[in-house]
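Notes for the one structure printed next.
The values are calculated or read from the model by the stated rules, or taken from the named source; none is laboratory data. What you see is a predicted model, and the numbers here were worked out from it, not measured in a lab. Cβ: placed from backbone, ideal geometry, glycine included. Neighbour counts: every protein chain shown.
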Amino acid sequence: MNDLYARFQIARPDYLGDDHWACIEREADRLWRSLGAGDGSQALSDIKCLVESISRIVLEIDGSPAAANTAFDTVVTQAHTLLTGQPGHELANQSTFGQLATQASKIARNLGNIRNEFGGGHGRARTPDLRNEMVALALDGGLLWSRWALRRLGYFSEGRPTSLINDLVVTGETFYAGTLERRLLAANLPGLDPRHQRSIGVAVGQRVMRGTFVVRRDGLEPCLESDDLSTWPRDYRIGVAYGLWFDPIGGLTLTASSLEDALGVLGPVPDGATDLADWVARIAERRSPGGLGGEFAASLAAEQFVRRWITFRPASEHAPLTALAELIKPEPPF
């Protein structure tokens, strides 16, 4: 039994929730019991259920859960597509290895038909002719895909926008050196829907304004230092800029430093006039004209920075930036 368990055991991915892991573990335990009882027919049903459980969890974490009557083949295909190319340290996404994973998914998708023809859970008039090698092939194929999917599922779970945003601004999760860098990689920013890119950016900017140094180092500074809109997409940048100026309830966090950081992040964005105009209008509603606080010299430098910035930006941004410069213009000291 121990040898049997060792052969068919699976490993829990990091960052996968307890409820989801309990579902997977339950299916794996059923498979183990069937194999221990020498019930190959039931084992075929159990490996099919294990693959389906993993696939449905992938879709649920993605926010696109499969309906109860969605075909097994469709569920596995959709889950495989989501996991293919998932970034993460130690994951192999080169074409040759990707082809291996795709072949494994084809085996996994066949388990539905195999279960219907040979598996347990059906009241049959005749016993199917089921050979040991047939069971072994199905199990090997199903477990190959399941283990591949589980390795990626940890990164997939860790990088989902809802989880990341929650940890950044709701729970106040502690971020250690490299944590956000890894999670942004797992999130696959360039592949996300623009609204999710923006939401993550907002959360990063707001967490920076709470003084979390490692979030600044991993989520803001590399973006400031790069003009690459592929690695740091447009909507992530716009989100970061907003988060540097406004807190989660819309209160102002605008400072001389956050003003320069936000405009620097927006530098590679071809045209942010619409968002800038909206933000400047909000700033005007929430504060009276005048310096940004602190020393006169710092406020004056911020105003001058904005006016210089105008010369590098498209004409559509000139009006909101000019209005911003007027809003933050400090009164001369007496």
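Here are the numbers for the structure shown:
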| quantity | calculated |
| --- | --- |
| Those residues of region 38-94 which are within 21 Å of GLU158 (Cα to Cα), not in a helix (DSSP H, G or I) and not aliphatic (A, V, I, L, M), in sequence order | GLY63, SER64, PRO65, THR84, GLY85, GLN86, PRO87, GLY88, HIS89, GLU90, ASN93 |
| Pair list, Cβ < 7 Å and 6+ apart or interchain, from region 316-329 residues that are free of Cβ contacts under 8 Å to residues at least 24 places away in the same chain and within 15 Å of SER258 (Cα to Cα) to residues that are charged (D, E, K, R) and surrounded by 18 or more Cβ atoms within 10 Å (Cβ to Cβ) | ALA325/GLU303 |
| Listing of helices (runs of 4 or more DSSP H) fully contained in region 252-313 that carry 2 or more residues being free of Cβ contacts under 8 Å to residues at least 12 places away in the same chain | 273-286, 296-310 |
| Flag for ARG30 being over 22 Å from TYR155 (Cβ atoms) and at pLDDT below 90 | no |
| Unique residue being farther than 15 Å from ARG147 by Cβ, without any contact (Cβ under 8 Å) to a residue 12 or more places away in the chain and either surrounded by fewer than 15 Cβ atoms within 10 Å (Cβ to Cβ) or in contact with a helix residue (DSSP H, G or I) (Cβ under 9 Å, 6 or more places away or on another chain) (or both) when the list is ALA71, ALA92, ALA22 | ALA22 |
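One line per residue, one yes/no per condition, for (1) in contact with a Leu (Cβ under 9 Å, 6 or more places away or on another chain); (2) modelled with pLDDT of 85 or more; (3) closer than 26 Å to GLU60 by Cβ; (4) surrounded by 14 or more Cβ atoms within 10 Å (Cβ to Cβ):
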{"residue": "ALA104", "(1), (2), (3), (4)": "yes, yes, yes, yes"}
{"residue": "ILE114", "(1), (2), (3), (4)": "yes, no, yes, yes"}
{"residue": "GLY123", "(1), (2), (3), (4)": "no, no, no, no"}
{"residue": "ARG126", "(1), (2), (3), (4)": "no, no, no, no"}
{"residue": "GLU133", "(1), (2), (3), (4)": "no, no, no, no"}
{"residue": "LEU139", "(1), (2), (3), (4)": "yes, yes, yes, yes"}
{"residue": "ARG152", "(1), (2), (3), (4)": "yes, yes, yes, yes"}
{"residue": "GLU158", "(1), (2), (3), (4)": "yes, no, yes, yes"}
